[in-house]
Amino acid sequence: MTLPETIGLVIKGLTFGSWGILVWMLLKPTKNILRAYLLAFIFFINGIFLWFLIYPPELYFSKETSSTTAGEMWDIETVFKTEKNFYYRDWKRRLLKELQGKMNAFRSQKGFLPVPIEIIESYSPKKLQALLSKSPENLVLIDVREAMEIKAFFLSGSRFYRYGDFVNNIFPDLPKNKKIVIVCYSGIRGFLIANLLQLKGYKNIAFIRGGLGAWVEAGLPIEGRDEFDFIDDRYPLLTEAEVKNSSYAKIYIETVAPPEKRLLPAYSYEGDLVSTNDQDRFIQRFISEPIILICDTESSCFSAVAFGYLFEKSGGKIEGYLKKDS
């Protein structure tokens, strides 16, 4: 963690502490001079915190190579440090840890090798766009996102091959004489699949730093604009009691809750880790009646949205969802 990131966390802690002081002041009368000093501190620290949120400092700069064809051979921490918003940077660190842990736990159950974290070639969105404009015949874009995400937007010329198929060691026929660039939204799934392909012996692998989120933010061209509502807007939020009393099938999405804490009877579905064939079979198994979705982490609730999209497209109905604390 860099010094500016540490300072940011300290400011965040002081801000939350100032809220406690404010509550204390409201509950217990204080002398006017003390009240003035405390209010000045509260306004000051909250002002700094607000400034950090609105104008996150650009804390790290790494120079790209001058090459017009090659990307950067940066370790993943260096890639994270190029994120301008250090809160978003911290989120990506946590997301990588969560997704890698889930991927390797799932692969271990299947008898597959774990995927290590190595140095993978990466491109900034603008550098990749310049390369696509100059010599697109030398690149292959592999989009590993879910159908819901692809429907929203994608890069022209992309090939679509799900993250879950790669995780299950089901690989497409990829050319060895071209640069293979793995595409996802945040850059994390793309980075993990790039590591998996490198583990399988592919040498000419890269990913987009910041993913398609950074691509869109840079104002670069995309196709598609059909947004699918997030789970909070699309399905009713149910209480635990309502879920327990419901006779509909309950589907846990990538749950991390131990079996004794689950709402039984329930069925476990490993979200985007599942292969496409297993996904289709699972959907058909429950298509005849409404279901209830249960998730317990940020990534599992996102997988619940992606599953809901496919389930609805297949003619199924979702009664509601429950988000449990993991």
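For the reader, a short list of remarks on this structure follows.
- Candidates are the residues of the range 214-229 that are among the acidic types (D, E) and within 20 Å of the chain's Cα centre (by Cα); the one that is modelled with the highest pLDDT is E217.
- Checked against the criterion of being in contact with a Phe, Trp or Tyr (Cβ under 8 Å, 6 or more places away or on another chain), at pLDDT below 90 and aromatic (F, W, Y), the range 230-241 has at least one qualifying residue.
- Listed here are the helices (runs of 4 or more DSSP H) enclosed by the range 119-227 that have at least 3 residues being more than 29 Å from Q279 (Cβ to Cβ): 125-134.
- None of F80, F106 is within 17 Å of F207 (Cα to Cα) and either modelled with pLDDT under 90 or outside any loop (DSSP other than H, G, I, E, B) (or both) except F80.
- Residue in the range 284-302 that is assigned to a helix (DSSP H, G or I), surrounded by 15 or more Cβ atoms within 10 Å (Cβ to Cβ) and touching a Phe, Trp or Tyr at 6+ places or on another chain (Cβ under 6 Å) present: no
The values are calculated or read from the model by the stated rules, or taken from the named source; none is laboratory data. The model shown is predicted, which means the values in this text are computed figures rather than measured ones. Positions of Cβ are backbone-derived with ideal geometry, glycine not excepted, and every protein chain shown enters the neighbour counts.
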